[in-house]
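The structure appears right after this line, and notes come after that.
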Amino acid sequence: MNNLKFNHLKKLEIIIEGEYQEFATDLLDRIGVKGYTIVNNISGKGSHGFHDGHVMFNEDDVLIMIIAAVPESLVSPILQGFAPFYNEHSGVVFVSDIQVTRLVKFSDADSSTDI
Amino acid sequence: MNNLKFNHLKKLEIIIEGEYQEFATDLLDRIGVKGYTIVNNISGKGSHGFHDGHVMFNEDDVLIMIIAAVPESLVSPILQGFAPFYNEHSGVVFVSDIQVTRLVKFSDADSSTDI
Amino acid sequence: MNNLKFNHLKKLEIIIEGEYQEFATDLLDRIGVKGYTIVNNISGKGSHGFHDGHVMFNEDDVLIMIIAAVPESLVSPILQGFAPFYNEHSGVVFVSDIQVTRLVKFSDADSSTDI
């Protein structure tokens, strides 16, 4: 019988100008992030995030949002990796808690939790 | 006077190849999910989610993300419903906690919480 | 040495018909929201959210999702501000917990937390 298992991960939502997509995904690859999803065709305005009081986006910038689910241990390396970039460019990273599920056919001893 | 009430729900973010949209929304309908939102025009790469070490997406796949807010009791039936599909196809489901608000004009005895 | 700091904020995901984008962003501006991101090209169906049993969207509505990260103190004013609108129109607001990071070069006494 199958068991439904959850891995407790951190979701990163990286909002960045579209022209820097390859920089961002290369950085994620180097740090060991195994997958990501990219939402295209987004726009933004404002100063939330890294730089208080600094206008981050103009309304006609072409932005993307890169969504990645990573173990908590990778959050800090990724954010440290992006920090020099965000000192020069607009953007923001949101971090939140998610569960990612997978079906396994037998019990194992990893960090996931039965429900 | 109006009271702001929150329903504590689970947000599902179902990332799936676009050609299977109808399969996914039919499954949600059958399980009793009353609404969903679909983000089109997304792309993805990698192996996060159901299958460790299995490349899920190619960068040029046309993906969608179906967002649904559901009571916790529906999470397991939905994930069990998707499991056979994800054994054959790429994709991932993220689960997280959200509050959904609605305004009510008088107090009631449901599971929501005043703020 | 840089410290990685997190601000604990609330993420609002405001799903609304695209024609009301300016109404929504004006409301956010007036309440003091400093930035937002807009996901275009989404669609939806159903009755989740404000109005139980009320069909909110038709599948061919043009919807947008406005994402904003705000201090908890702004959540209630924003939702109260949107309530009269949602009495007349379709839509839903999801609220969830997020951390937003920024790099600071020296310690300060604000509400953020070292990790």
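Every read-out reported here was derived from the displayed coordinates using simple, explicitly stated rules and does not represent laboratory data. Values in this document were obtained by computation on a predicted structure and should not be read as measured data. All Cβ positions, glycine included, derive from the backbone under ideal geometry; neighbour counts span all protein chains shown.
The figures follow:
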{"quantity": "Spin-label model distance (nm) - B:E88 vs C:R30, 7 Å beyond Cα toward Cβ", "calculated": "5.3 nm"}
{"quantity": "Approximate spin-label separation B:V62-B:E22, in nm, with each point projected 7 Å along Cα-to-Cβ", "calculated": "1.4 nm"}
{"quantity": "Links that overshoot a 30 Å alpha carbon limit, given the list A:K45/B:K45; B:K10/B:K45; B:K5/C:K45; B:K5/B:K34; A:K5/A:K45; A:K34/C:K34", "calculated": "A:K5/A:K45; A:K34/C:K34"}
{"quantity": "Label spacing, shortest first and in nm, from A:D29 to its equivalents in the remaining copies (7 angstrom along Cα→Cβ)", "calculated": "4.1, 4.1"}
{"quantity": "Separation in nanometres of the label points that stand 7 Å from Cα toward Cβ, at B:Q80 and B:D97", "calculated": "2.5 nm"}
{"quantity": "Residue-averaged beta-carbon neighbours from other chains (10 angstrom radius) around A:28-38", "calculated": "5"}
{"quantity": "Phi-based couplings in Hz for the stretch A:13-30 (Karplus 6.51, -1.76, 1.60; Gly and Pro marked x)", "calculated": "10, 9, 9, 8, 5, x, 5, 9, 4, 5, 3, 5, 6, 4, 4, 4, 4, 4"}
{"quantity": "Sites C:E72 and C:L4, calculated FRET efficiency, Cβ-Cβ separation with R0 22 Å, nearest 0.05", "calculated": "0.55"}
{"quantity": "Shortest-first distances to equivalent copies, position C:P77, nm, label 7 Å out along Cβ", "calculated": "4.2, 4.2"}
